[in-house]
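What follows is a set of notes on a single structure, which appears directly below.
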Amino acid sequence: MKISYETSFRLKVLAIAVLFGLIIFYLVYYPIISHNPVPYGVASPRGQILLMQNITLGDFSWNNAVDLYNNLVLKGDEDYSDYVVVRLTTPGWCMDAVVWDGTKYTKRASCVREVTISRYTFRIPPGSYWYLDGSYHLILYKPEGTPENYELVNFTVTYGPKSDWGAFKATYPKK
């Protein structure tokens, strides 16, 4: 059976139109359809260098410590859970949780490897990030011995159904 010239031309044009349609669908619509609209995990710190400092909050002080107050940022724009669990995985390090209650600083946890924080201690502006509130400080330090320069400190954060990792390199400020 022989196909006429007009029919073969129409089939070629139809095949090219279908091909362009699939390419446009793949480039434009597929990323929109398959996009995960709810991010999850630790946005920061993810291996950044953080300076160790001598920190004083009220009556409490730490030497060669890192405060995660401005550094801990989580991804998420939904109510995953009412609690966030931060767990240190690097041996030798521990953390203190210190809260400003309006009149003084209060230590909620002292030299622990795991701390549970209410999700309401995070500022959650419109968008996809959770920022640790200014009244809550997670102080990470090495209680025994002196930290190495550029020592890697790993931790996990669990909120909702999943866990994610975070890490930073603790370093001394240049003199």
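Quick look at the numbers
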| item | result |
| --- | --- |
| Per-region count, segment 120-142, residues without any contact (Cβ under 8 Å) to a residue 60 or more places away in the chain and either under 14 Å from residue 84 (Cβ atoms) or surrounded by fewer than 12 Cβ atoms within 10 Å (Cβ to Cβ) (or both) | 11 |
| Selection status of residue 117, surrounded by 14 or more Cβ atoms within 10 Å (Cβ to Cβ) and touching a residue at least 60 places away in the same chain (Cβ under 8 Å) | no |
| Complete set of residues in segment 2-54 that are open to solvent by less than 90 Å² (accessible area, probe 1.4 Å), in a helix (DSSP H, G or I) and within 30 Å of residue 131 (Cβ to Cβ) | 31, 34 |
| Criterion violated by residue 57 - all others in (1) assigned by the TED database to the domain that holds residue 134; (2) at pLDDT 85 or above; (3) open to solvent by 30 Å² or more (accessible area, probe 1.4 Å) satisfied | (3) |
| Flag if residue 39 is within 21 Å of the chain's Cα centre (by Cα), farther than 19 Å from residue 136 by Cβ and at pLDDT below 90 | yes |
| Counted residues, segment 131-162 - those being modelled with pLDDT under 90 and of a type in the set (S, T, N, Q) | 2 |
| Verdict on residue 103 being touching a residue at least 24 places away in the same chain (Cβ under 8 Å) and either open to solvent by less than 80 Å² (accessible area, probe 1.4 Å) or over 17 Å from residue 55 (Cα atoms) (or both) | no |
| Subset tally (residues that are of a type in the set (Ser, Thr, Tyr), within 21 Å of residue 153 (Cβ to Cβ) and in contact with a Lys or Arg (Cβ under 8 Å, 6 or more places away or on another chain)) for segment 114-132 | 1 |
| Residues (assigned to a loop (DSSP other than H, G, I, E, B), surrounded by 11 or more Cβ atoms within 10 Å (Cβ to Cβ) and not small (Gly, Ala, Ser)) located in segment 147-173 | 147, 148, 172 |
| Check on residue 70, over 24 Å from residue 118 (Cα atoms) and surrounded by fewer than 17 Cβ atoms within 10 Å (Cβ to Cβ) | no |
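The values are calculated or read from the model by the stated rules, or taken from the named source; none is laboratory data. Since this is a predicted model, take the numbers as computed values, not measurements. FYI the Cβ positions are ideal-geometry reconstructions off the backbone, even for glycines, and counts take in every protein chain you see. With ligands, DNA and RNA removed, areas are computed over all heavy atoms of the protein, side chains included. Shrake-Rupley method; radii C 1.70, N 1.55, O 1.52, S 1.80 Å.
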